[in-house]
Structure formats: structure tokens, C-alpha cells
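Structure record follows, encoded as C-alpha cells.
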Amino acid sequence: MGMTLKDRKVVVLTGAGISAESGVRTFRDNDGLWENHRIEDVATPEAWVRDPSLVWRFYQARRRQLLEVEPNPAHFALAGLERKCGSLVLITQNVDDLHERGGSEPVIHMHGTLRSLRCQETGLSEVRMDERDLVEDFVLCNCCAVASRMRPDIVWFGEIPLEMGVIQREVGDCEVFIVIGSSGHVYPAAGLVNLANSNGAHTILVNFELPINSNDFDEVHIGKAGEILPELVENW
Ligand code: NAD
């Protein structure tokens, strides 16, 4: 079935599914709603212009949740894989910090991070996780002479993911490409498997259900990442 990953150049792409067993909700599983909100109402630049306080309160709740959740066996297993293969580049669509807390470093957060906020004027990010940063009121930056409002440091739908140059280079150059817990709906992340395939990489999927792009993978493992990934990593 599989191939050994020892001494291979591996790139891993994770999605919301890897954090599901930590209690962080995905959104494709709930009728397209994310924590009871329509994506268009909370995760687009238009929503931030139309109703910044709704968007702000939504993300402040996500940010506070980071203090209550813990990495699960899937995050720890990936940190173990990093020690086993020749080189491992970890790319995540997730905005939580569970990979870092599970022992993986560095992590490429293509959709941004909850831990930081971004100045609306200068675009500069600051890690802002103190108690006074997690309140319902807007938070102001430390970079401007007259402090400006900060926005979530998140890549919203319609915005361009971060570090795409590095990501395309790494995915185009790897021998093994593994996707874990991603529905295959969100582009350009969902298209990276095609880039890996066209460069001859062996492609592996680990997901709870068959996602729409499952035919693009050489190897498919269906199950909960926290339950099946530790054993897969053991055998890779
Ligand atoms: P998604 O919500 O669209 O899809 C999640 C996929 O994970 C589904 O196919 C589901 O079947 C699968 N899944 C659910 N539980 C699983 C488990 N225990 N083990 C393995 N797979 C499981 O997620 P996506 O593809 O990452 O796209 C969602 C977008 O939403 C991303 O841009 C991401 O930034 C954002 N988001 C992030 C978080 C987070 O940071 N934890 C949470 C929700 C949404």
C-alpha cells in the first residue's frame, strides 16, 4: 500500500479537520456554517467593512478559544514525522496554533493566525494574546503615531493566501505530498495536490470522509486524523 517516508522530502498540508478532535469546529461539516455564521458574514473583507463589530466579536471568540483547546494525537504525530523523514515542510490552512503547541516548527500559516492582529493602516502584525487583547472592544496598534484599529490577521475569502511563492516551490519540489483534514473546497490550497502530482510526487490523503478531490491522490486513508495518523506515521 504505502511507501516509506524515511529520508524523503515531504510536504504536509493540513486543514480544519486536524483540529476537529481538539474541539475546534470545522465549517464544511455544519451545512456550510462556521460556528453558526455564514462565511460571507464573518470571513470576507466586505463583511469587515459592512459590520466590523460582528466580525471582530466572531474572531475574538475564536482567539479566546485558543486558551481552552489542546493539540490532539494527530498534531503530535506530525511533529514525530518531522523527526523521521529527510525534510518536512508543514503548511496549514488553520489559523489556530495547535501545530506549534504539538511540537512542529516552523509552520507556514497560509491563511494567517489567530494569535496575531494586523494594523489596518500599515499592515504590520503583532502577537496580541494578553487578556486586554481578547476583549469585545476593538484593539489598537502599537505601530502608528495615532494608534489605528487592528483587524484579525486572517486571510479572508477573496484575499490572497500568504507565502504562495514558497508554498508553490516546496510543493513543486517534494517527493511526497500529504493532505490531512481538508475538504478540498478552498482554493488555491485545494489545487496544490495537482501541482504535486504534475511534478511526480506520491500523494496521500488522510480525511474523515472522501472529499471532492479524493481522486487526485495516490493513497487515501479514511478516518479521524487523531485516531489513524499516529499509526500511519509509525509505519511510514
Ligand atoms: P473544511 O472545514 O472545509 O473541511 C474539513 C475537512 O476535515 C472535511 O472534509 C471533514 O470531513 C474533515 N474532518 C473532520 N473531522 C476530521 C477528523 N477528526 N480527522 C480528519 N478529517 C476530519 O476545512 P478546510 O479544508 O481546512 O477549509 C476551511 C477553511 O476554514 C480554511 O481556510 C481554514 O483557514 C478555515 N478554518 C480554520 C479552522 C482552524 O484553524 N482550526 C477551523 C475552521 C475553519
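Between the DSSP loop rule and a limit of at most 14 other Cβ atoms within 10 Å, which GluC sites (Glu not before Pro) in the range 149-236 are left? Before the final figure, lay out the partial values.
Details: sites: GLU159, GLU163, GLU170, GLU175, GLU209, GLU219, GLU227, GLU231, GLU234; in loops: GLU159, GLU163, GLU175, GLU209.
Sites meeting the loop and neighbour criteria: GLU159, GLU163, GLU209.
Work out the length of the dipole vector of the range 82-236 about its Cα centre, built from +1 on the beta-carbon of each Lys and Arg and -1 on the beta-carbon of each Asp and Glu, and round it to the nearest 20 debye.
Dipole of the range 82-236, to the nearest 20 debye: 260 debye.
Kindly list the residues of the range 90-121 that lie in the label zone of GLU159, defined by a backbone N under 18 Å from the point 7 Å along the Cα-to-C-beta vector.
Within reach of a label on GLU159: 92-97, 108-121.
What's the Kirkwood radius of the chain in Å, using all Cα pairs?
Every distinct Cα pair counted, the radius reaches 18.4 Å.
Grab the other residues whose beta carbon is less than 10 angstrom from that of ALA61, score K and R as +1, D and E as -1, and report the net. Walk me through the numbers before you get to the answer.
Numbers: positive: ARG57, ARG62, ARG63, ARG64; negative: GLU35, GLU136.
Here the count lands on +2.
Taking the dipole about the Cα centre of the chain, with the C-beta of Lys and Arg at +1 and of Asp and Glu at -1, give me whichever of LEU98, GLY223, VAL233 is farthest to the positive side.
Working it through, the farthest residue towards the positive pole turns out to be LEU98.
On average, how much accessible surface per residue is there in the range 1-87, in Å², for a 1.4 Å probe, leaving out ligands, DNA and RNA?
Heavy-atom SASA per residue in the range 1-87 reads 49 Å².
So what's the gap between the Cα centers of the range 202-227 and the range 66-128, to the nearest angstrom?
Spelled out, the Cα-based centre of one part sits 21 Å from the other.
For TYR59, TYR187, what's the largest-to-smallest order of accessible area, 1.4 Å probe?
TYR187, TYR59
Express the carbon and sulfur contribution to the solvent-accessible surface of the range 85-236 as a percent, rounded to the nearest whole number, probe 1.4 angstrom.
Details: 3430 of 7120 Å².
That fraction is 48 percent.
Could you work out the helix-only [θ] at 222 nm for the chain, with each DSSP H run of four or more residues adding -39,500 (n - 2.57) and the total divided by the number of residues, to the nearest 500 deg cm²/dmol?
-8000 deg cm²/dmol
Just read off the accessible area of MET164 with the full protein assembly in place, 1.4 Å probe, to the nearest 10 Å².
Here the residue's solvent-accessible area equals roughly 30 Å².
Counting only Cα, what are the radius of gyration and maximum Cα-Cα distance Dmax of the range 51-190, in Å?
16.4, 50
Please report the accessible area of ARG101 (heavy atoms, 1.4 Å probe, ligands and nucleic acids excluded) in Å², nearest 10.
Using a 1.4 Å probe on the heavy atoms, I get roughly 90 Å².
Beyond 19 Å, how much of the Cα-Cα pair distribution for the range 128-217 remains, as a whole percent? Walk me through the numbers on the way to the answer.
Working: 2257 of 4005 pairs.
Result: 56 percent of Cα pairs exceed 19 Å.
Accessible area per residue of the range 100-236 at 1.4 Å probe, in Å²?
Values: 6850 Å² over 137 residues.
Counting only protein heavy atoms, the per-residue value for the range 100-236 is 50 Å².
In whole Hz, what ³J(HN,Hα) sequence does the range 66-80 give by Karplus (6.51, -1.76, 1.60; θ = phi - 60°), x for Gly and Pro?
Working through the residues one at a time gives 4, 6, 10, 9, 10, x, 10, x, 5, 5, 5, 4, 5, 4, x Hz.
Return the Rg/Rh ratio of the range 1-96 with Cα-based radii and a Kirkwood Rh. Mind showing how you got there, number by number?
On the way: Rg = 16.9 Å, Rh = 15.5 Å.
Computed over Cα atoms, the ratio is 1.08.
The values are calculated or read from the model by the stated rules, or taken from the named source; none is laboratory data. Just so we're clear, the structure is a prediction, and the values are computed from it rather than from any experiment. Using ideal geometry, Cβ is built from the backbone for each residue, glycine included, and neighbour counts are taken over all protein chains shown. Just so you know, the surface numbers come from the protein's heavy atoms only, side chains and all, with ligands and any DNA or RNA stripped out. Shrake-Rupley method; radii C 1.70, N 1.55, O 1.52, S 1.80 Å.
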